[in-house]
Each structure stands twice: as structure tokens, then as C-alpha cells.
Amino acid sequence: MPLSIVRTSQERLVATCVKQALHAGIERNGQAVLLVPSFAQALEAQRELSLEQGLALSVTTTTPSAWVKERWEVWGDGRSFADATALMVLGREAIMEATPEELGPIELSPGVVQVLSNLAGQALPWLPLDDDGHVREDVCAASGLTRAETLLIGLAGKLGGLLDQRGYVGSATAFSLVPRLLADASATVPSFVIAGFEAMPRAERELVVALGSLAPVSVVIPICPGPAADQANALAAWFEHAVPCESVAAAEDRVPIERAEGLSRLLEALFTEARLAVDPQGPVEILLPAGPVAEAELVARRVSELAGQGGDLVVAVPDVQRARRELVPKLAARGCHVKLACSTPLLDCASSQAFFSYASTVARLAELAATWPEPAEGLEGPIAQLGDMSWWPPRELSDFLLSDIAHVGATRAWWVDSAWRGNRLLTPARILAMLQSESDTSPAVARATTELLKGRMGTAASKLLQPYVAALAP
């Protein structure tokens, strides 16, 4: 059977059974694909696979969404992926164009637009719609949907039509079409291993089922005691109900997991009504802060104590942004070296704000330098002529040089800022020349400025990121 459910007790993302399935896929046609839930997990898996002989170069590790987008760019019909903004704009348009009969009790509001865009973006191919995009009311009634829910599905069909007219395709639609397009083109489809998922949205589940008809697919399901495994078991049950599956118990399940007794007892007690006693032998501690404000201070004290004993520590929190604001500064003040993994909007990141400000200032200075007046001839020699000086002093560039992404250092950055502020005859060309000087700024800034002046913004950003990448190299 092409679709296999592999159950493993190993808790690592790249478990032994994952490596075995990838090796089998490579033996089949020379390549294999490992699909994981996020790019962070993809990087983690890539690092581990790079150490495994035969898997370093033959395995593509990515997310389902990224894999589908890449295939759509090659095999798709030319439509662009509809992002959240496009779905929201067209969803609002669909509601505004709807007749009173199509709207019923539904009113135009941000919440309704959000629900409609999510419905069309994530589930459009599986909604009860006919070929013309009209809702099938008989199917909705048989499913027990309310009148408002039925009308909302009809609006989703209307939104689907607007997407087609504007040259867009929803992600769920692309998920449903890509396997069919590959089959029609007789394209070579590699073996797939699906790992790290405890739950999957409908589009990803349908993608796995469709890929199972084209190539071997192994879905790795973790085994753990108690209700903590309910989601993963429900995912396996959905696949087994959707298509015939082969159920496989990974061979490494015979090897018990080494864990302190207190942690094992705690894991058994989680999500259950049974009151299991956990002996206070050291592996498990409970910190009881006096209130929300005291929580970060209490955790920081305990982490600092443990850090003093040597070794690395991992702090897992439900709200990473809150920990970034409250906990990280306290740990840093205690001399702890902290690495934080979180997703932050690009424009909310101080380094990205500094980079965009730097890039826009360089672009403006380049325009001014091209039209800057030449020195006039005087009795005692050339006399400097000034153009538009509204940019002086270049505060944005000084702020950028003080940021971590510039790799300049505070002492040199303040020296450059002082030199700029002390020269009222400073010209844009002189500023750009200093930015391209490694001795005045840093090698990263000099290379990035050169790329910006060539119009290569992405390459400029990569030049500034290279020192970080080099620091991560083994």
C-alpha cells in the first residue's frame, strides 16, 4: 500500500524509522521528501540529516505549503497564490456584491470577512458547491447546517469566482490540484515521509492522501501514554478511514525511553482525571510566584541558579513574546547568554527596521549625489557648493551603525556619527564613500552598501546576515 502509518515511540523529529523510510525512498528513485510542520523544524531536520550518510544531499526537507507552492510555480496554470490580504479584500468585495437573498442575516463586518476568507482559502475545494460555484443547499441541509452557514458557503463560492477572475488561486485549491497536475504530466514523484505532525488541516490531509496514489508515503505518528496522544491518534484514524493504509510499528519501539521516574509519572498524570502522586525526588519542581509580575523574576532566579551548575538549559513558555519582554532582560542582567526562538513580524524587528531605514537613506543619498552641484571656482581655489541639506545630519545611518546588524561596534559608530555631525560641508558622495569603507564601518556594511547602490536589496541584506551564519557554522 502506498500510504503507511508508522508508529514510533522515539521523540526525536528525525527518528530511526524516518531515516529508514527516507533511505527506502532514495533506493526507489534516487530522491525523497521529508515534510514537517514548520521551517524551524525543517532546519532542525536538515542539520540532523546532514550527518547521516546517504541522506545529506538526496532528501528535500520542507513544509507542505512550501512544497506545493514550488510545484505550482512549475506545473500550475499561471495564477498567483492568494495571500491573506488578497483573500480579505476579495472577501469583502464578495459580500458587497452579494444580493439580499445571498446575504440573508449575514452583515458586512471584519469578523465575517475573516471567517469567509479563511473558509475559501483553507477549504474551498471540499465545500458543497456545484461546478458554477453555487451552494448545494440539499447537501447543506442533510449535513445539518444552519441557514447562515449555508449562505456563508455560497459566499465562499462567490469569493472563489473572484479569485479566478483576478488571477489568484487559494492555497487549498492549489493543494488539491498539484497532485493531479503531476499525474497528468507523468512527472516523477519521489517518496514522502510526513513527520512531526500531531494534527493537520484538511488541505494537508487531502494532499497526503493524493500523494499516496502517486508514490509511497509514510506518515509517522508518535506514541505516548494517555490523552496527550489523542490528536495524533485522531490524525492516524482519519487517514485509515480515508484510504486503505498499512499500519507499521517501528522496530525501535522495543527500546524503552530513558527518563527520570518523576518525569515519567508526571507524563502519565497529565491530561487525566486520575490523581497520581509524583515523588519530590528532584526531576520535577514547581515554582509558585506571588502573581503575574513576580513570575519572570522567580523563573529568572531559578534558571540563574541552575546555569551556575553548568550545562545548557531550555526554558519552554506558552507566550514567547512575553518571555522576550519580561524574562530575557532579567536573565541577561544575571549574566546568562540567551538564545530565543520566536516568530516576529519583519517590521516589528529592530534589526529589520534599522536595515530598511539604512536602505532608504542610501537610496536618497545616491539620488542626491547624482545631482549634487560641482564646486565653483574661486580666487583661492574651488568653493564647495551645497545642495539639499535636509538629510544632514544622517541620523538614520547613525542609528543603523549602532544596531547589531551593522557589526560596527558602539565605539566606531559613535566616532563616525561625530565626524558626520562635525562637518557641515559633508556631501552625499562622501557619506556613501565612508559607508563603503571597511575601515570606517565594517566589512559587512561596506559590501551591503555596494550591493544597495547596484539595486540589489536582497543581496545587501544577505551580506549583513553573513556574520551571523558564519557564527553558527561548526
Worksheet item: If you go through the stretch 378-425 one residue at a time, how many are small (Gly, Ala, Ser) and under 28 Å from Leu346 (Cα atoms)?
Response: 6
Fill in: Pairs, first over 14 Å from Asp388 (Cβ atoms) and assigned to a helix (DSSP H, G or I) in the stretch 357-368, second at pLDDT 90 or above and of a type in the set (Ser, Thr, Tyr), C-beta under 8 Å, six or more apart
Val362/Thr449
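For residues that are part of a loop (DSSP other than H, G, I, E, B) and not aliphatic (A, V, I, L, M), scanning just the stretch 146-194, find the one that is surrounded by the fewest Cβ atoms within 10 Å (Cβ to Cβ). Let's see the steps before the verdict.
Applying the first criterion (part of a loop (DSSP other than H, G, I, E, B)) to the stretch 146-194 yields 146, 166-167, 170, 185-190.
Within this subset, residues satisfying the condition of being not aliphatic (A, V, I, L, M) are 146, 166-167, 170, 186, 188, 190.
Details: Thr146: 11, Arg166: 14, Gly167: 11, Gly170: 28, Ser186: 7, Thr188: 11, Pro190: 19.
In this case the residue turns out to be Ser186.
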Discussion item. Whether any residue in the stretch 365-378 is surrounded by 14 or more Cβ atoms within 10 Å (Cβ to Cβ) and among the acidic types (Asp, Glu) is what I want to check.
Written reply: no
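Please pick out the residue among Thr459, Thr441, Thr449 that is in a helix (DSSP H, G or I), under 35 Å from the mean Cα position of the chain (by Cα), polar (S, T, N, Q) and crowded, with 17+ Cβ neighbours inside 10 Å.
Details: Thr459 fails: crowded, with 17+ Cβ neighbours inside 10 Å; Thr441 fails: in a helix (DSSP H, G or I).
Thr449 is the lone residue from the list that is in a helix (DSSP H, G or I), under 35 Å from the mean Cα position of the chain (by Cα), polar (S, T, N, Q) and crowded, with 17+ Cβ neighbours inside 10 Å.
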Worksheet item: Does the stretch 371-394 contain any residue that is assigned to a helix (DSSP H, G or I) and either of a type outside the set (D, E, K, R) or in contact with a strand residue (DSSP E or B) (Cβ under 9 Å, 6 or more places away or on another chain) (or both)?
Response: no
Worksheet item: Looking at the stretch 421-436, is at least one residue of a type in the set (Ser, Thr, Tyr) and either at pLDDT 90 or above or exposed (fewer than 13 other Cβ atoms within 10 Å of the Cβ) (or both)?
Response: no
Worksheet item: For the subset of the stretch 41-51 comprising residues that are surrounded by 13 or more Cβ atoms within 10 Å (Cβ to Cβ) and hydrophobic (A, V, I, L, M, F, W, C), which member is nearest to Gln20 (Cα to Cα)?
Response: Leu49
Practice prompt. Can you give me the number of residues within the stretch 1-19 that are free of Cβ contacts under 8 Å to residues at least 60 places away in the same chain and either polar (S, T, N, Q) or within 24 Å of Leu214 (Cα to Cα) (or both)?
Written response: 1
Item to complete: Within the stretch 346-353, identify whether any single residue is in a loop (DSSP other than H, G, I, E, B) and either β-branched (Val, Ile, Thr) or touching a residue at least 24 places away in the same chain (Cβ under 8 Å) (or both), and answer yes or no.
Response: no
Fill in: Matching residues, the stretch 135-159, being under 35 Å from the mean Cα position of the chain (by Cα), over 18 Å from Arg202 (Cα atoms) and not basic (Lys, Arg)
Val135, Leu145, Ala148, Glu149, Thr150, Leu151, Leu152, Gly154, Leu155, Leu159
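The values are calculated or read from the model by the stated rules, or taken from the named source; none is laboratory data. These numbers come from a predicted model, not from an experiment. Positions of Cβ are backbone-derived with ideal geometry, glycine not excepted, and every protein chain shown enters the neighbour counts.
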